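Asker: Below you'll find the structure I mean.
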Amino acid sequence: MISRRSALRTGAGFAAAATLAAPSILHAQTKTLKITTWGGKWGDIMKATVLPAFEKEFKCTVSADQSFPFLPKLQASPKNDPLYDVFHTNSNEQWSAVGEGLVMDKITVKEVPNVADVYPYAVSDKVVGISIFTSAIGLGYRTDKGLAKPTSWKDLADPKLAGSRGGYIIPVNSLGQCHLMMLGKVYGKGLQDLDAAYKALEALKPIKLVDFTGQMEKMLLSGEVSMGVIHDSGIYRYDGQNQPVDFAGPSEGVMALEQVLNVTPSSKVKELAFAYIDYMLRPDVQKVLAEGVWYSPSNKKVKLDAKYDAKLYTTEAKVAQLIQPDWKWYNARKEDIDARVTKLLKG
Amino acid sequence: MSAALNKRPFDGGRAAYLALNGALLVFLLAPIAIVVVFALNPVPYISFPPIGVTLRWFEKFFAGSDFMNALWLSLWTASCVLVLSILIGGACALALDRGNLPGRAVATSFFMSPLMLPAILTGLALFQSYLLIGIGRPVWGLILAHTLIAVPYVLRTTLAVLHNFDRRIEEAAAVLGANPTRVFSEVTLPLIRPGVFAGGVFAFIVSFDQFPVSLFLVQPKAETLPVVLFNYMKFDLDGAIAAASMVSILLALSVVLALERLIGLKAYVKL
């Protein structure tokens, strides 16, 4: 029979043991994964479904930073205790980060098993980390202005579009930087023919320039711009809203705007970081986000609904049209390019 | 006869003066007018003339938890900054004006220096400092950073009041038997109050609208309104931005009016 005294002693022992063990259990249960992520519709889906499901499955919390600028914040944080564990940006910033040793060179199937199922572009030598989605940079245009659907990047130079064509402030926008490289390919010897690109860019004046793709969307919707450089998701997101805008992928090819995930080498929760990337590559997660924001998924096994499948880059043949910029090459010349294009487009 | 005599000749200088003032007013108020049109126009982009009137963007703003959390955090931060900057800025001004401190001019420049540095650099430097000492990005760190930027405003306005302060009033109170504490609380403080609170209004507004410093110091799920608006604008540039701007303007105006009613800022304006 258990006496009152021994019961109390046993209870006190359990309580002490529980108290001593609590910090480690608590620690194990409340690992925090620090990530960067986008806002807008993407951010809404992440917060509503994707991240809560990840937290539940992996018994952790995710601290998702949506406040730009991500790269300067990562650069300013201690290398041995980085501000982020998973770094989500477009490809150009990943190349800047890897040059400073802030992110890993490559993510392989060893760390992230779902890498085995991605299209080759997602892990090509043009990508640092892994591209989990891409959108295609082409031409958005108004369908109510009597314009034929553009078939070439040269269509943007049509004199009829003087003052109603749209581009980007190249130093701050990667779509603008992609457009510049594409001008080199279309009017010169290739993506790296900057002289031809500068000449072609100057010929596009007068052109309306914006900082963000969101602004370009609104300029197209308002009719202030009749044709402009934009990614497909920036147009397709208005599908079903009776807006007179459409997207065209020019015959010379579309530029890939990759959504890249990478891990910081000194992350304290590296395994969790890899697990997060693996989770983001799962077909069900990819489908939810792809159909939510009209991004083309990297995982070949994703089966999208027909209307998304028809427009997005979801087959080997379609993804072959994607042109991946060499951001390492571009970033090495960025200062000179910025100075030149700013001078060219001044006023 | 009197009508002819009273008729003032055309004054070109005065007309130019009025025209310049009118142009300045238009220049200052036109952006607010554009914000109002954008906030009330049903279409999700800036268009003129507007095609109608709607409150949907205000509904979107007030229904958005991100916007509301950010609004409350901004208000809370600005309120704390108001109090802290009044206490620190007011005390500094008194010490600089009355303390016979060595190197007074240097000390004044030192306290004013946060205004001379680009705020983005102040934000980045504080961000790095916070991470280096291992405190992360707490809300109180953000409040301290805003206070650093806001103190010079209180300091400047209080020093201006103290510069015009007639010390004989304090001396009279002392001669009549008031101890130093009573002189300070019943003579000095009421007389410098308009300057201190005018600086406090600036401090509140500077904190509420602060963007470059906050950019580096906000943490996930605890972002101030200007930061949330900037991030929102990158992906969804619609009338909710304009509605948020309207609310910000009205809130700042309310604070100024409330302080005017409470302490009478006009007194400071008359100085």
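The values are calculated or read from the model by the stated rules, or taken from the named source; none is laboratory data. In this text the structure is predicted, and so the values were computed from the model without any measurement. Cβ sites come from the backbone with ideal geometry, for glycine too, and all protein chains shown count toward neighbours.
Asker: (1) surrounded by 14 or more Cβ atoms within 10 Å (Cβ to Cβ); (2) more than 20 Å from A:ASP326 (Cβ to Cβ): which one isn't true of A:ALA136, the others all being true?
Answerer: Every condition holds for A:ALA136 apart from (2).
Asker: Scan A:ASP44, A:ASP105 and give me the residue that is within 30 Å of A:GLY214 (Cβ to Cβ) and modelled with pLDDT of 90 or more.
Answerer: Values: A:ASP105 fails: within 30 Å of A:GLY214 (Cβ to Cβ).
Answer to the selection: A:ASP44.
Asker: Would you please name the residue that is surrounded by the most Cβ atoms within 10 Å (Cβ to Cβ), looking only at residues in segment A:47-90 that are among the hydroxyl-bearing types (Ser, Thr, Tyr) and at pLDDT 95 or above?
Answerer: Going residue by residue through segment A:47-90, those that are among the hydroxyl-bearing types (Ser, Thr, Tyr) are A:49, A:61, A:63, A:67, A:77, A:84, A:89.
Still in the list and also at pLDDT 95 or above: A:49, A:61, A:63, A:84, A:89.
Working: A:THR49: 14, A:THR61: 15, A:SER63: 16, A:TYR84: 24, A:THR89: 27.
Here the residue is A:THR89.
Asker: Restricting the first residue to segment A:61-84 and requiring it to be assigned by TED's automatic domain parsing to the domain that holds A:GLY39 and free of Cβ contacts under 8 Å to residues at least 24 places away in the same chain, which pairs with a second residue that is crowded, with 17+ Cβ neighbours inside 10 Å and among the β-branched types (Val, Ile, Thr) meet a Cβ separation below 6 Å and a spacing of at least six or different chains?
Answerer: A:SER67/B:VAL218; A:SER67/B:VAL227
Asker: Among the residues of segment B:216-247, what is the count of those that are assigned to a helix (DSSP H, G or I), within 7 Å of chain A (Cβ to nearest Cβ) and either buried (at least 23 other Cβ atoms within 10 Å of the Cβ) or not charged (D, E, K, R) (or both)?
Answerer: 6
Asker: Still on this structure, please answer the following. Just to check your reading of the model, which residue among A:LYS199, A:LYS149, A:LYS189 is of a type in the set (Lys, Arg), under 28 Å from the mean Cα position of the chain (by Cα) and modelled with pLDDT of 95 or more?
Answerer: A:LYS149
Asker: I'd like to know if segment A:103-122 contains one or more residues that are small (Gly, Ala, Ser), over 21 Å from A:ASN299 (Cβ atoms) and either within 13 Å of the chain's Cα centre (by Cα) or not in a loop (DSSP other than H, G, I, E, B) (or both).
Answerer: Here is the first cut: in segment A:103-122, the residues small (Gly, Ala, Ser) are A:116, A:122.
With the extra rule that they be over 21 Å from A:ASN299 (Cβ atoms), the set shrinks to none.
No, because not a single residue in segment A:103-122 is small (Gly, Ala, Ser), over 21 Å from A:ASN299 (Cβ atoms) and either within 13 Å of the chain's Cα centre (by Cα) or not in a loop (DSSP other than H, G, I, E, B) (or both).
Asker: Here's a check for you: in segment A:48-73, which residue that is in contact with an Asp or Glu (Cβ under 9 Å, 6 or more places away or on another chain) and more than 8 Å from chain B (Cβ to nearest Cβ) is farthest from A:VAL128 (Cα to Cα)?
Answerer: Only one residue tops the list, namely A:THR61.
Asker: A further question on this structure: Looking at B:ALA30, is it assigned by TED's automatic domain parsing to the domain that holds B:GLY239 and either without any contact (Cβ under 8 Å) to a residue 60 or more places away in the chain or surrounded by 14 or more Cβ atoms within 10 Å (Cβ to Cβ) (or both)?
Answerer: No: the conditions fail for B:ALA30.
Asker: Which of the following residues is under 17 Å from the mean Cα position of the chain (by Cα) and either not assigned by TED's automatic domain parsing to the domain that holds B:PRO190 or not basic (Lys, Arg) (or both): B:THR108, B:THR122, B:THR147?
Answerer: Selected residue: B:THR147, the only one of B:THR108, B:THR122, B:THR147 that is under 17 Å from the mean Cα position of the chain (by Cα) and either not assigned by TED's automatic domain parsing to the domain that holds B:PRO190 or not basic (Lys, Arg) (or both).
Asker: Next question. Could you tell me how many of the residues in segment A:301-347 are touching a strand residue (DSSP E or B) at 6+ places or on another chain (Cβ under 7 Å) and in contact (Cβ under 8 Å) with a residue 40 or more places away in the chain?
Answerer: 8
Asker: A further question follows. What single numbered condition from (1) in a helix (DSSP H, G or I); (2) under 21 Å from the mean Cα position of the chain (by Cα) fails to hold for B:THR181?
Answerer: In the conditions (1) in a helix (DSSP H, G or I); (2) under 21 Å from the mean Cα position of the chain (by Cα), B:THR181 misses (2) alone.
A quick yes/no check of all residues on (1) assigned by TED's automatic domain parsing to the domain that holds A:SER164; (2) among the aromatic types (Phe, Trp, Tyr); (3) touching a helix residue (DSSP H, G or I) at 6+ places or on another chain (Cβ under 6 Å):
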{"site": "A:LYS110", "(1), (2), (3)": "no, no, no"}
{"site": "A:ALA122", "(1), (2), (3)": "no, no, no"}
{"site": "A:VAL128", "(1), (2), (3)": "no, no, yes"}
{"site": "A:THR143", "(1), (2), (3)": "yes, no, no"}
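Asker: For segment B:194-219, enumerate the residues that are touching a Gly at 6+ places or on another chain (Cβ under 8 Å) and within 18 Å of B:LEU121 (Cβ to Cβ).
Answerer: B:PRO212, B:VAL213, B:SER214, B:LEU215, B:PHE216, B:LEU217
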